[in-house]
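Asks: Handing you a structure now.
The values are calculated or read from the model by the stated rules, or taken from the named source; none is laboratory data. If you're wondering where the values come from, they're calculated on a predicted model, not measured in any experiment. Note that each Cβ is placed from the backbone with ideal geometry, even for glycine, and that neighbours are counted across all protein chains shown. The accessibility values were calculated without ligands, DNA or RNA, using every heavy atom of the protein model including side chains. Shrake-Rupley method; radii C 1.70, N 1.55, O 1.52, S 1.80 Å.
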Amino acid sequence: MAVAHEKTSLRDLSLLELEALAAAKGEKPYRGKQLAEWLYKKTACDWAEIKNLPLAFLQRLQKKHLLCSLELVSKFQSAIDPSVKYLLKTQDGNLVETVYIPQGPRRTQCLSTQIGCKMGCRFCASGAAGFVR
């Protein structure tokens, strides 16, 4: 069952929206650009990583926004090939999987874009509990 969350992901916002958000929080709009650099270039997922923004601004953001909307639950390295499986938790506590599959010069990333799955692939646990959404 999905649970409503009041926090929204900052990664859903464009640069212009981040600049407007900074201004709405009492900061100069350039703070939105600095925030975008942390989100999209440095891929920060922890508020403590962000060093060039005022602490008070970060604390205001933290009350209503998320840096990352997925949390890493586990990482499993295959014993038989170089594939790596990641289990991720959404804001509402559901789980999704992603699998990194290197094959020679090619790199494939299989990412479940839904909670659960109807396909039933033997190697993937996403469908084990059935389709949720």
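Asks: How many residues does the stretch 45-63 hold that are among the charged types (D, E, K, R), in a loop (DSSP other than H, G, I, E, B) and under 17 Å from the mean Cα position of the chain (by Cα)?
Replies: 1
Asks: Check L61 against each of (1) within 26 Å of L95 (Cβ to Cβ); (2) in contact (Cβ under 8 Å) with a residue 40 or more places away in the chain and name the one condition it does not meet.
Replies: Against the list (1) within 26 Å of L95 (Cβ to Cβ); (2) in contact (Cβ under 8 Å) with a residue 40 or more places away in the chain, L61 comes up short only on (1).
Asks: While we're looking at this one, here's another question. With the requirement that a residue be touching a residue at least 12 places away in the same chain (Cβ under 8 Å), surrounded by 12 or more Cβ atoms within 10 Å (Cβ to Cβ) and not hydrophobic (A, V, I, L, M, F, W, C), what does the stretch 67-79 give you?
Replies: Within the stretch 67-79, S69, E71 qualify.
Asks: Do you know which residues across the stretch 6-22 are assigned to a strand (DSSP E or B) and touching a residue at least 60 places away in the same chain (Cβ under 8 Å)?
Replies: Once the filter is applied, which keeps residues that are assigned to a strand (DSSP E or B) and touching a residue at least 60 places away in the same chain (Cβ under 8 Å), the stretch 6-22 yields only S9.
Asks: Identify all residues within the stretch 90-100 that are modelled with pLDDT under 85 and either open to solvent by 70 Å² or more (accessible area, probe 1.4 Å) or more than 15 Å from the chain's Cα centre (by Cα) (or both); write none if there are none.
Replies: Within the stretch 90-100, Q91, L95 qualify.
Asks: Quick one: how many residues across the stretch 1-20 are β-branched (V, I, T) and either open to solvent by less than 80 Å² (accessible area, probe 1.4 Å) or at pLDDT 90 or above (or both)? It would help to see each step written out before you state the result.
Replies: Initially, the stretch 1-20 is screened for residues β-branched (V, I, T), giving 3, 8.
This time we only want the ones that are either open to solvent by less than 80 Å² (accessible area, probe 1.4 Å) or at pLDDT 90 or above (or both), so: 8.
The total comes to 1.
Asks: Filter the stretch 55-66 down to the residues that are in contact with a strand residue (DSSP E or B) (Cβ under 9 Å, 6 or more places away or on another chain) and open to solvent by less than 90 Å² (accessible area, probe 1.4 Å) and list them by number.
Replies: H65, L66
Asks: Let me ask something else about it. Starting from the stretch 23-36, take each residue that is more than 11 Å from F57 (Cβ to Cβ) and list its partners that are open to solvent by 40 Å² or more (accessible area, probe 1.4 Å) and aliphatic (A, V, I, L, M), counting only C-beta distances under 8 angstrom and pairs at least six apart or across chains.
Replies: Qualifying pairs under 8 Å: P29/A20; P29/A23; K33/L15; A36/L15.
Asks: Still on this model: For P82, indicate whether it is touching a Pro at 6+ places or on another chain (Cβ under 8 Å) and not in a strand (DSSP E or B).
Replies: On the way: touching a Pro at 6+ places or on another chain (Cβ under 8 Å): yes; not in a strand (DSSP E or B): yes.
Yes: the conditions hold for P82.
Asks: Shifting gears a bit: Quickly run through the stretch 25-54 and pick out the residues that are open to solvent by 80 Å² or more (accessible area, probe 1.4 Å) and modelled with pLDDT of 95 or more.
Replies: Those that are open to solvent by 80 Å² or more (accessible area, probe 1.4 Å) and modelled with pLDDT of 95 or more: K28, Y30, K33.
Asks: If we keep just the residues of the stretch 101-118 that are within 15 Å of the chain's Cα centre (by Cα) and not polar (S, T, N, Q), which is most open to solvent (accessible area, probe 1.4 Å)?
Replies: L111
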